[in-house]
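The values are calculated or read from the model by the stated rules, or taken from the named source; none is laboratory data. Note that the structure is predicted; figures quoted are calculated from it, not measured. Positions of Cβ are generated from backbone atoms using ideal geometry, with glycine treated the same way; all protein chains shown enter the neighbour counts.
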Amino acid sequence: MTDRKDEIIKIATVLFSENGYDNTSIRELAKNVELSVAGLYYFFQNKEEILFNILNRTLTSLLEYVQLAINKDNDPQTNITKVIDHFVKEVVDNKMEIVLLLKESQRLKPEQLAIIKKKERSVIKLIKNEISRLSNEGRLKNFNLTSTTFTLLAIVNFTRYWYDPRGQLSTKEFVTETTDLFLNGVLNNQ
């Protein structure tokens, strides 16, 4: 049963991404997964539950990536570098899911949205804590921690619009440049 649910989620992710959530009917989804509408309802109560599963899996994975990247025994700069590396890979590997997360999460029921928002806040808090550690060590310019955290998230999240890992810049090079840009800025301070 789990394999079939996974297949439904994968196909729904593609359809929701290509057509939009509102423009993807449950009938179209059922046809694409080779089930009747009733058969689809055996696995999920409704289209909203499918969207919730997509977003919840995406955020669970992202949260796990960020948690794995952070080691309290490591220097916060090392942890931030790992966070950027993990986050970029997650955005590159799950571009459709990230777009759905950013565009369609408001379609969820309040209790589903609360679960998604809680996981988002956990990711943000972990990243902000590492930036705060840099600040506490006197290594961060006098920037607002929230603004700095969301700047990092914006840099990484917007890669979904333009970054192609098969292009001129490998993922490793992109992570290196992004980390350097975030931690050191763009000016040559000589």
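Remarks
- Filter result (loosely packed, with under 10 Cβ neighbours inside 10 Å and aliphatic (A, V, I, L, M)) within the range 155-190: 186, 187
- The set of residues in the range 9-37 being part of a helix (DSSP H, G or I) and either in contact with a His (Cβ under 7 Å, 6 or more places away or on another chain) or within 14 Å of residue 97 (Cα to Cα) (or both) consists of 9, 10, 11, 12, 13, 14, 15, 16, 17, 18, 19.
- Inclusion of residue 40 among residues that are assigned to a helix (DSSP H, G or I), surrounded by 18 or more Cβ atoms within 10 Å (Cβ to Cβ) and under 24 Å from the mean Cα position of the chain (by Cα) is not warranted.
- From the options 145, 152, residue that is at negative phi, at pLDDT 90 or above, within 19 Å of the chain's Cα centre (by Cα) and not aromatic (Phe, Trp, Tyr): 152
- Within the range 144-181, the set of residues being among the aromatic types (Phe, Trp, Tyr) and within 21 Å of residue 122 (Cα to Cα) comprises 150, 158.
- Scanning the range 159-190 for residues that are more than 27 Å from residue 133 (Cβ to Cβ) and touching a helix residue (DSSP H, G or I) at 6+ places or on another chain (Cβ under 6 Å) yields 160, 165.
- Selection from the range 104-143 of residues that are assigned to a helix (DSSP H, G or I), of a type in the set (D, E, K, R) and free of Cβ contacts under 8 Å to residues at least 24 places away in the same chain: 111, 117, 118, 121, 125, 128
- Count of residues meeting criterion [free of Cβ contacts under 8 Å to residues at least 40 places away in the same chain and either buried (at least 17 other Cβ atoms within 10 Å of the Cβ) or not hydroxyl-bearing (Ser, Thr, Tyr) (or both)] in the range 72-102: 9
- Among the residues of the range 72-102, those identified as at pLDDT below 90 and either farther than 17 Å from residue 10 by Cα or small (Gly, Ala, Ser) (or both) are 72, 86, 87, 88, 89, 102.
- Residues of the range 60-102 classified as more than 17 Å from the chain's Cα centre (by Cα) and outside any helix (DSSP H, G or I), total: 5
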